[in-house]
Amino acid sequence: MKSLNELYKIGRGPSSSHTIGPERVARYALDTRGAGDYVAILYGSLALTGKGHGTDRVLKEVLGERTEIIFDTEKKDLPHPNTLALYKKENGENVFVCEAESVGGGSVVINGEPYPPTPEVYPQKNFAEIRAFLDKRRFSLPDYVKFYEPDVFSHLKTVWRAMKESVERGLKKSGALPGALHLARKAKTLYSAEAKFETAVMRENRKLASYAFAAAEENADNGVIVTAPTCGAAGILPAVLYYMYKDNNVPESEILCALAAAGVIGNVVKQNASISGAECGCQAEVGVACSMAAAALSSIFCLDADGVECSAEIALEHNLGLTCDPVLGLVQIPCIERNAVAAIEAVNAVTLAKSLKNKRKISFDDVVKVMYETGKDMNNRYRETSTGGLAALYNR
């Protein structure tokens, strides 16, 4: 598995696959072919939701405003649902530069090779192998990360700062998000919306949800967020960690260890399945983020490896089949609310795991396998194409 540096990326929203990934491809073109006039052909989900997700905007920001963007929604048999090709105009001809796949979380494959080249850091390939390693050495998941990648904690500290700032910025802002939906920001209102007969549990859930709304709204507004594991799911893990830090006085050292534990879970899914909504639906984004947040919280509560696995498994299992159907191709409806619901689900998963960890029948690896199979079987209309589900109901 790759470094956690490759999982947790700091960048601008609203979509890691549609903005951060294509930006990497565009910078590759500049580094290898230099400045000039480019033609970008977007295929699959990049073509269908690229305008709403800002793919054309980010390509022009990097390659220049004269860049020609072609949205090809007809081509099939793609190597990945998020595929693009770049050409450079030279002597009146379009000269091929590269074909690239934006495979999720801002990671890209260019001309068949991961870019930039990233070495394997963790030799284990799935959670069963990780569990065997943990049991043999009596390690926790943070110990596991420290063993193979001790230097990554400086990056995790930067990641945590960016997560915290995204929540705090989002809580202060009001007004409408960009795009044709004119969707009002809700985090600030939600945070202070104490209601009559509100129970203690309801109050804490509302507070947690407001943190998720805050980061997710920052993402939708092209703000700086962290892929955890993607931009579309960037509110879930920050919300849970911020809640524990701000409202429960968990020290930063524990937060960083929780980030490490969450990163291992995200890496297992990325290695064995997908974190791309265009490939596997929202279960691969919000579902995986919910699972990561559950693992993080389990780490804070000092659950053993079985408890962490149980929490992560419950969180992912109950997001199986979740579709990706962004209205108008914007990462707003239903994405933002899903971040809030998943943050609450992550807490509930840990609560259940404390009692159920020794009684479960399903492994985390099993759920990851089923998630991938479910995503592959999912109708294309429900995989970030905005042609089905809630997206189809909206009168354009």
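The values are calculated or read from the model by the stated rules, or taken from the named source; none is laboratory data. Everything numeric here is computed off the predicted structure, so don't read it as measured data. Using ideal geometry, Cβ is built from the backbone for each residue, glycine included, and neighbour counts are taken over all protein chains shown. Side chains included, ligands, DNA and RNA excluded: accessible areas come from the protein's heavy atoms. Shrake-Rupley method; radii C 1.70, N 1.55, O 1.52, S 1.80 Å.
Only residues that are buried (at least 24 other Cβ atoms within 10 Å of the Cβ) and either among the acidic types (Asp, Glu) or more than 19 Å from residue 157 (Cβ to Cβ) (or both): list them for region 244-266, please.
Passing the criteria: only 265.
Identify the single condition in (1) more than 20 Å from residue 246 (Cα to Cα); (2) of a type outside the set (D, E, K, R); (3) within 18 Å of the chain's Cα centre (by Cα) that residue 215 does not satisfy, given that it satisfies every other one.
With respect to (1) more than 20 Å from residue 246 (Cα to Cα); (2) of a type outside the set (D, E, K, R); (3) within 18 Å of the chain's Cα centre (by Cα), residue 215 is out only on (1).
For region 85-140, which positions are open to solvent by 70 Å² or more (accessible area, probe 1.4 Å) and in a strand (DSSP E or B)?
Hits for region 85-140 are 89, 93, 94, 96, 113.
Given 172, 136, 164, 157, which one is within 30 Å of residue 101 (Cα to Cα), at pLDDT 95 or above and out of contact with any Lys or Arg (no Cβ under 6 Å at 6 or more places or on another chain)?
Exactly one residue qualifies, and that residue is 157.
Is at least one residue of region 331-349 surrounded by fewer than 23 Cβ atoms within 10 Å (Cβ to Cβ) and farther than 22 Å from residue 202 by Cα?
Yes: region 331-349 contains one or more residues that are surrounded by fewer than 23 Cβ atoms within 10 Å (Cβ to Cβ) and farther than 22 Å from residue 202 by Cα.
To keep it simple, each residue is scored yes or no on (1) farther than 30 Å from residue 153 by Cα; (2) in contact (Cβ under 8 Å) with a residue 24 or more places away in the chain; (3) within 25 Å of the chain's Cα centre (by Cα); (4) buried (at least 19 other Cβ atoms within 10 Å of the Cβ).
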{"site": "10", "(1), (2), (3), (4)": "no, yes, yes, no"}
{"site": "16", "(1), (2), (3), (4)": "no, yes, yes, yes"}
{"site": "32", "(1), (2), (3), (4)": "yes, yes, no, no"}
{"site": "41", "(1), (2), (3), (4)": "yes, yes, yes, yes"}
{"site": "65", "(1), (2), (3), (4)": "yes, no, no, no"}
{"site": "80", "(1), (2), (3), (4)": "yes, yes, yes, yes"}
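Consider region 218-257. How many of its residues are more than 24 Å from residue 12 (Cβ to Cβ) and either within 17 Å of the chain's Cα centre (by Cα) or of a type in the set (S, T, N, Q) (or both)?
Here the count works out to 3.
Restricting the search to region 59-84, which residues are assigned to a strand (DSSP E or B), more than 24 Å from residue 375 (Cβ to Cβ) and not β-branched (Val, Ile, Thr)?
Correct list: 68 only.
Going by the structure shown, is residue 315 within 30 Å of residue 183 (Cα to Cα), without any contact (Cβ under 8 Å) to a residue 40 or more places away in the chain and either of a type in the set (Ser, Thr, Tyr) or crowded, with 20+ Cβ neighbours inside 10 Å (or both)?
The answer is yes for residue 315.
Kindly provide the set of residues from region 184-215 that are open to solvent by less than 30 Å² (accessible area, probe 1.4 Å) and either of a type in the set (Gly, Ala, Ser) or not in a helix (DSSP H, G or I) (or both), ordered by number.
Listed by number, the residues that qualify are 185, 187, 209, 210, 212, 214, 215.
Report, by residue number, each residue of region 375-386 that is over 13 Å from residue 269 (Cβ atoms) and crowded, with 18+ Cβ neighbours inside 10 Å.
Listed by number, the residues that qualify are 378, 382, 383, 384, 385, 386.
Pairs please, first residue from region 284-304 and buried (at least 24 other Cβ atoms within 10 Å of the Cβ), second anywhere and acidic (Asp, Glu), Cβ atoms under 7 Å, 6+ apart in sequence or on different chains.
290/345
Condition check ((1) over 13 Å from the mean Cα position of the chain (by Cα); (2) at pLDDT 95 or above) across all residues:
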position: 264; (1), (2): yes, yes
position: 271; (1), (2): yes, yes
position: 290; (1), (2): no, yes
position: 305; (1), (2): yes, no
position: 311; (1), (2): yes, yes
position: 314; (1), (2): yes, yes
position: 318; (1), (2): yes, yes
position: 325; (1), (2): yes, yes
